[in-house]
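Structure first, then comments.
The values are calculated or read from the model by the stated rules, or taken from the named source; none is laboratory data. Not measured: the values here are computed from a predicted model. Note that we place each Cβ from the backbone using ideal geometry, even for glycine, and neighbour counts take in every protein chain shown. Surface areas here come from the heavy atoms of the whole protein model, side chains and all, with no ligands, DNA or RNA. Shrake-Rupley method; radii C 1.70, N 1.55, O 1.52, S 1.80 Å.
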Amino acid sequence: MKYDFASIEPKWQAKWQQEKTFATETGSGKPKFYGLVEFPYPSGQGLHVGHARPYTAMDVVARKKRMDGYNVLFPMGYDAFGLPTENYAIKNHIHPAKVTHDNIENFTKQLKMLGYSFDWDRVVNTTDPEYYKWTQWIFLQLYKKGLAYKTTMPVNWCTSCKCVLANEEVVDGVCERCGAPVVRREKSQWMLKITEYAQRLIDDLDELDFIERVKTQQKNWIGRSTGAEVTFKATTGDDIVVFTTRPDTLFGATYMVISPEHRYVKQWADKLENLSTVEEYVAAAARKSDFERTELAADKEKTGVELRGVRAVNPVNGREIPIFISDYVLSSYGTGAIMAVPAHDTRDWAFAKKFGCEIIEVVAGGEDVQKQAFTAKDDTGVLVNSEFLNGLTVKQAIPAITKWLEEKGIGHEQVNYKLRDWVFSRQRYWGEPIPMVWCDKCGWVPLPEEQLPLLLPEVDSYEPTDTGESPLSKMADWVNTTCPHCGAPARRETDTMPQWAGSSWYFLRYMDPHNKQALASRQALDYWSPVDWYNGGMEHTTLHLLYSRFWHKFLYDIGVVPTKEPYHKRTSHGMILGEGGEKMSKSRGNVVNPNDVVAEFGADTMRLYIMFIGDFEKAAAWSAKAVKGCKRFLDRVWNLSEQLADSGAYSAANESAIHKTIKKVADDIEAMKFNTAIAALMALVNDFYANGCSRGDYAAVLLMLSPFAPHMAEELWESLGFAAQRGGQACQQAWPAYDASKTVAAEVNMAVQVGGKLRATITVPLDSEQDAVVAEAMKDPKVRKFTEGMETVKVILVKNKLVNLIVRSKK
RNA sequence: GCCGGUGUGAUGGAAUUGGUAGACGUGACGGACUCAAAAUCCGUUGGGCUAAUCCCCCGUGUGGGUUCGAGUCCCACCACCGGCACCA
């Protein structure tokens, strides 16, 4: 009988669906395992082979965990709000909800076609009002705790999406999604105080089993630095507060720089002798897009203007120093003002050289500071020209000066973060409405919780407006409401939430997806939390992963969830590239469609290949030829079923190899080394071809193969009578038992080295002692040849592995 | 510039973490089967030297080092990939 995947696969998929083979009960005597993959955005293009890699991997893990006796939660859903759907809807005049519905239907079909063991009764969809009701509810809780606020500030504005972006969504000055330039605009936006959680988002990483590069990337993004805030007096009498990580260099501060947006620039306008030049510079800085600003940053050419008419006083020595504005000082970091120490900071040095500022060395130990800044922050430098700090190393001087500043009341230790608050409003239609009402008397009033969900209204046009207002603002019926507080006429917020909102808590909803009273029942949360293993893309490290950790910590603080962190273990997969090793894209014409692969080779081959393709964490190029190799392997497994010896036990010739493979495959799955797990199975099947194969041997291979190629495994399991014999599907069996004692053979092959060079291999009884091994080795003519006339000075024995004879010529 | 990662046959990639480099797959070559091809099965396949699948030598980006022994550890360098970047 031929391996007819085209009829086998739908057969088993239908059976799994009918019998709800993978439905999960909350609560059971078994230990729980919650495996999670990032839910897809249901785009019109359908499932990509890039999706198949992480999904297949976690499916293999989930299936293996079930065989290990775990109660496994392995859910799937759709992150369906977002711009591509909205843009498609605009272009084709179809409602985004309809587009979403159709795309989800297609995705579901494709996911089922690949045989994933999701619990399909727990599907969530972020655009479902029953779901986003709770997204809105979380927002209200954030608002009540003061963590959501509306403010006017310069924001990133995508010129193409006509929408604001979070800092995390701007990459190299362009929109992360569409690549259009991002400019800065003053807009009133809802913000979430993620900065309040900055320290905990760093600290709690220590307890988590995240791969290291995710941890470092998150830490770098949060960007903690410790230093001091110091207050300088301006000649106007105002205080100028600066942040510095080098308070020890305070005596070398020869000028100050404040950002062009700093409030003092306007405040001091009437005192400035060169007001028009200053205003010109401020205007020019404001015009620059983020892209231009990062471009300019690259060549480090400093620009700026001195504020003539106002000066500052260095608090440590009373010296009057000039104040500049320059866009190398950012308004959004620290205090928007710095003390410049050109001798010991490369940026200040470059600026000082250009504008002729004084350079005073206060840390000795480097090159001439007139030629180059000396920035070492360790013990190599010693303080000079700094009165009471002289003679101290930098490391000693920092606490000393900090203490001094505190005593004088002009400074204190300070920690700063690069992380900014999360810009949370979007001026688009297809997102969760923000449940807030503006009342002229009461200000912003949250919608009462019992009025949730606040439904998206039906509109005629979803087009974004050029004015930067949400399309919802044109819906007078919807916008005009009454104040929940005082009953006066009021207006709804018309911005919607960013796509990251729905994905920030979806893993909680899977635990109890149909709950109408809460986002999930406490019982379900207690049972399933936290996610045991979450696999996803590196591109979400500073977006989704950071945002959802923040929300989860907040929910923990208000007593909604039982754990501080949402995910225990986080792993990441590499991208699937096209045949040539380039990124798959329509324009390159190298996109592989999973439907085509499944039609030609079957889902099991597709699954097997995507796991065999290479190191799971690294990018891998698709190879049509290698796909065939995996199909060939499955054919070989299938064909073997027709030549089985009729014994339920492992055959003597294969027993040792079977036990080794059982351990190898289990270990490799746990370590995500799927490629070597499959290689081990291939090697075992090769052994079976060489040695013959019993029914018992074969059953073991079917069980080990079942997480990777479940349809074929089930079909053979059933047709060979194992299902009837052992009861239940292959995926419902226990993982075959591993017996270490069965893996050891009576004899082992050992390498013989002379002077570290391999000269022979010998076969000796297991656990042979040194003398016996050497004696056996000396029987080998090659070994004799290299030891002839030599004196053995040392023998190194690695038991059952290797013996190394160290020789030297006799005197 | 800073942080992280990678570099192994023709090729995708293995290597129990310091112990026989190249598992497994692809490709190539040879054989069996076939009228033939495909499919399948069985071999061979790092380089040099060679009549030889005898020997011997070389070989994991480059140059040093530690060690009985290094793809693996240390130092310096080169190349490529990813992240961050005027963050005081």
Residue ID - farthest from RNA strand B (Cβ to nearest atom), chosen from residues in the range A:240-270 that are under 16 Å from A:Lys403 (Cα atoms) and either within 37 Å of the chain's Cα centre (by Cα) or basic (Lys, Arg) (or both): A:Pro247
Matching residues in the range A:789-806 - criterion: being without any contact (Cβ under 8 Å) to a residue 40 or more places away in the chain, open to solvent by 70 Å² or more (accessible area, probe 1.4 Å) and in a loop (DSSP other than H, G, I, E, B): A:Lys799
Count - residues of the range A:513-565 that are in a loop (DSSP other than H, G, I, E, B), within 22 Å of the chain's Cα centre (by Cα) and farther than 20 Å from A:Pro75 by Cβ: 4
Single residue of A:Lys408, A:Lys418, A:Lys403, A:Lys441 found to be open to solvent by 80 Å² or more (accessible area, probe 1.4 Å), within 27 Å of A:Ser160 (Cβ to Cβ), modelled with pLDDT of 90 or more and among the charged types (D, E, K, R): A:Lys418
Scan of the range A:318-330 for residues that are more than 7 Å from RNA strand B (Cβ to nearest atom) and open to solvent by 60 Å² or more (accessible area, probe 1.4 Å), ordered by number: A:Arg319, A:Glu320
So A:Tyr689, is it open to solvent by less than 10 Å² (accessible area, probe 1.4 Å) and among the hydroxyl-bearing types (Ser, Thr, Tyr): no
Tally of residues being out of contact with any strand residue (DSSP E or B) (no Cβ under 6 Å at 6 or more places or on another chain) and open to solvent by 80 Å² or more (accessible area, probe 1.4 Å) across the range A:747-757: 1
Inter-residue pairs, beta-carbon under 7 Å, first farther than 14 Å from A:Met712 by Cα and in the range A:596-609, second assigned to a helix (DSSP H, G or I), 6+ apart: A:Val597/A:Met606; A:Val597/A:Val627; A:Tyr609/A:Ala626; A:Tyr609/A:Val627; A:Tyr609/A:Cys630
Test: A:Leu681 is open to solvent by less than 50 Å² (accessible area, probe 1.4 Å), in a helix (DSSP H, G or I) and more than 16 Å from RNA strand B (Cβ to nearest atom): no
Every residue from the range A:615-658 that is closer than 18 Å to A:Gly696 by Cβ, of a type in the set (Asp, Glu) and within 14 Å of RNA strand B (Cβ to nearest atom): A:Glu642
Residue count, the range A:33-70 (criterion: touching a strand residue (DSSP E or B) at 6+ places or on another chain (Cβ under 9 Å), farther than 30 Å from A:Phe81 by Cβ and open to solvent by 20 Å² or more (accessible area, probe 1.4 Å)): 4
Selection status of A:Arg426, surrounded by 18 or more Cβ atoms within 10 Å (Cβ to Cβ) and either within 20 Å of A:Tyr547 (Cβ to Cβ) or without any contact (Cβ under 8 Å) to a residue 60 or more places away in the chain (or both): yes
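In the range A:717-731, is there at least one residue being more than 9 Å from RNA strand B (Cβ to nearest atom), over 30 Å from A:Glu539 (Cα atoms), among the hydrophobic types (A, V, I, L, M, F, W, C) and open to solvent by 40 Å² or more (accessible area, probe 1.4 Å)?
yes
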Residue within the range A:229-239 that is near RNA strand B (Cβ under 9 Å from one of its atoms), touching a residue at least 12 places away in the same chain (Cβ under 8 Å) and not in a strand (DSSP E or B) present: no
